Amino acid sequence: MKKKESNYDLMSANARKRFLHFDQDAIIKKFNLHSDPEFIYLSFVNRLYRINRDSGKICGCTDSRCQEASWREAGFNETLAIFDMLCHGDEFPVLSGNWESISSLGGIIGAGHSNSTMLDRYTAPFTGKVQELSKACHTLGGTPQKSGDVSFLLPVFDFFPVWFQFWDGDEEYPASIRFLWDKNTLRYLHYETLWYIMLHILERLREGF
């Protein structure tokens, strides 16, 4: 009996199909990407990915040598984030240099508390491990910043960073996570895609421990 596809599988498949309708040469030129007749290559959260130009399948390289056996199929969060950036809008991203929370970007009244709560549920693996988390941020190509116990600009794409901040917990206050985005972000990514990216970054950071 064939396994029923999940909504995540269907959304990923639809994103691949949609990508195949775009002018790939225009995308390559717009983002200055490396390519060959079979694949388009790009970096996402400091990992090399390749997109099959015939099927739209995305795979990420899991080691520095990138031999054929080290490529694994991208998950839902990676797939939707990569295709959204490549296929959303006509202009190359121009950053404002001004940082905002995801709730401010979305313009959702009263969303700040719920967004913070949703992210803070992911603090457990990092609590009490500031040095380990800082090392993991360095591994993702992060640039240290001054804010919080751990604070780094992380490269979502080579040309598009996000500001990750972590405050460790103590007896009085619980640990807290915050992501800040460039004010122009929603010109180039859909609001829901930001959540896919944040969850993927948190997963990659946990892998670094």
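A few notes on this one:
- Comparison of Thr139, Thr143, Thr193 shows that the only residue that is among the β-branched types (Val, Ile, Thr) and buried (at least 19 other Cβ atoms within 10 Å of the Cβ) is Thr193.
- Residue within segment 5-14 that is among the hydrophobic types (A, V, I, L, M, F, W, C), surrounded by 17 or more Cβ atoms within 10 Å (Cβ to Cβ), within 29 Å of Gly208 (Cα to Cα) and at pLDDT 95 or above present: no
- Residue that is nearest to the chain's Cα centre (by Cα), among those in segment 163-196 that are farther than 15 Å from His88 by Cα and assigned to a helix (DSSP H, G or I): Tyr196
- Being touching a His at 6+ places or on another chain (Cβ under 8 Å) and farther than 21 Å from Ala124 by Cβ is a condition met by at least one residue of segment 171-189.
- Cβ-Cβ under 8 Å pairs, at least 6 apart or on other chains, segment 52-68 side hydrophobic (A, V, I, L, M, F, W, C), far side modelled with pLDDT under 95 and not in a loop (DSSP other than H, G, I, E, B): Cys61/Ser70
- Criterion (aliphatic (A, V, I, L, M) and more than 24 Å from Phe44 (Cβ to Cβ)) met by exactly one of Ala136, Ala175: Ala175
- Residues (part of a helix (DSSP H, G or I), charged (D, E, K, R) and surrounded by fewer than 20 Cβ atoms within 10 Å (Cβ to Cβ)) located in segment 54-83: Glu68
The values are calculated or read from the model by the stated rules, or taken from the named source; none is laboratory data. Everything numeric here is computed off the predicted structure, so don't read it as measured data. Using ideal geometry, Cβ is built from the backbone for each residue, glycine included, and neighbour counts are taken over all protein chains shown.
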